[in-house]
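Asks: Dropping a structure here in structure tokens format, bear with me for questions.
The values are calculated or read from the model by the stated rules, or taken from the named source; none is laboratory data. Just so it is clear, the structure is predicted and the values come from calculations on it, not from any experiment. Ideal geometry is used to build each Cβ from the backbone, glycine not excepted, and the neighbour counts take in all protein chains shown. All accessible areas refer to the heavy atoms of the entire protein, side chains included, with ligands and DNA or RNA removed. Shrake-Rupley method; radii C 1.70, N 1.55, O 1.52, S 1.80 Å.
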Amino acid sequence: VLTPYAVSTPMTKHLHTNMVTKTADEFVQESLNYVTIGDETCGCLTHELLRSFLSLVPSWVLYSSSFQKKYMEYLKHNSNIK
């Protein structure tokens with residue numbers, strides 16, 4: 001199972017790329033190195049590190065309304081489509 005985080009595609013409204021947000025081509029190239037590692041992978045090293053970090057954050061923080069609001073602001077700010 002491949003469980004990526006941010007990949008810039010039409011579905012994600014073409015998020016700006018950075019160290020965590022990959023283009024689809026970058027993600028596919030890197031994920032080919034990881035798909036044979038186990039039953040589930042994030043597909044690239046930065047997404048694996050992000051998953052490890054987020055696993056340390058209590059779920060109530062991630063699901064809080066203030067975090068969700070900040071996350072939505074981040075997505076609006078970093079998408080190419082307004």
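Asks: When the Kirkwood radius is taken over all Cα pairs of the chain, what Stokes-Einstein diffusion coefficient follows at 20 °C and 1.002 mPa s, in µm²/s?
Replies: Answer, rounded: 155 µm²/s.
Asks: Subtracting the Cα-Cα distance from 0.36 nm times the residue separation, let me have the gained length for Val28 to Val1 in nm, one decimal.
Replies: Additional length available on full extension: 8.3 nm.
Asks: Something else now. If you roll a 1.4 Å probe over the heavy atoms of the protein chains, what accessible area per residue do you get for the chain, in Å²?
Replies: 75
Asks: May I pose another question? What distance in nm lies between label points placed 7 Å from Cα along the C-beta direction at Met72 and Met11?
Replies: Label-label distance for Met72 and Met11, simple model: 2.2 nm.
Asks: Something else about it: Which whole DSSP H helices in the chain pass both tests: a Cα extent of 30 Å or more along the axis and a mean Kyte-Doolittle value no lower than 1.6?
Replies: Length and hydropathy pass: none found.
Asks: Can you put Leu56, Leu45 in order of accessible area, largest first, using a 1.4 Å probe?
Replies: Listed by decreasing accessible area, they come as Leu56, Leu45.
Asks: OK, next. At 0.36 nm per residue, and after removing the present C-alpha to C-alpha distance, how many nm does the segment from Val35 to Leu56 gain when stretched out fully?
Replies: 5.1 nm
Asks: How many percent of the accessible area of the chain is carbon or sulfur, using a 1.4 Å probe?
Replies: Here carbon and sulfur together make up 64 percent of the probe-accessible area.
Asks: Computed FRET efficiency, Cβ-Cβ of Asn18 and Ser65, R0 25 Å: what is it to the nearest 0.05?
Replies: For R0 = 25 Å, the calculated efficiency reads 0.45.
Asks: Before anything else, pin down the relative contact order of region 1-41: Cα pairs under 8 Å, at least 6 apart, normalised by residue count, whole percent.
Replies: Dividing the mean separation by the residue count of region 1-41 yields 44 percent.
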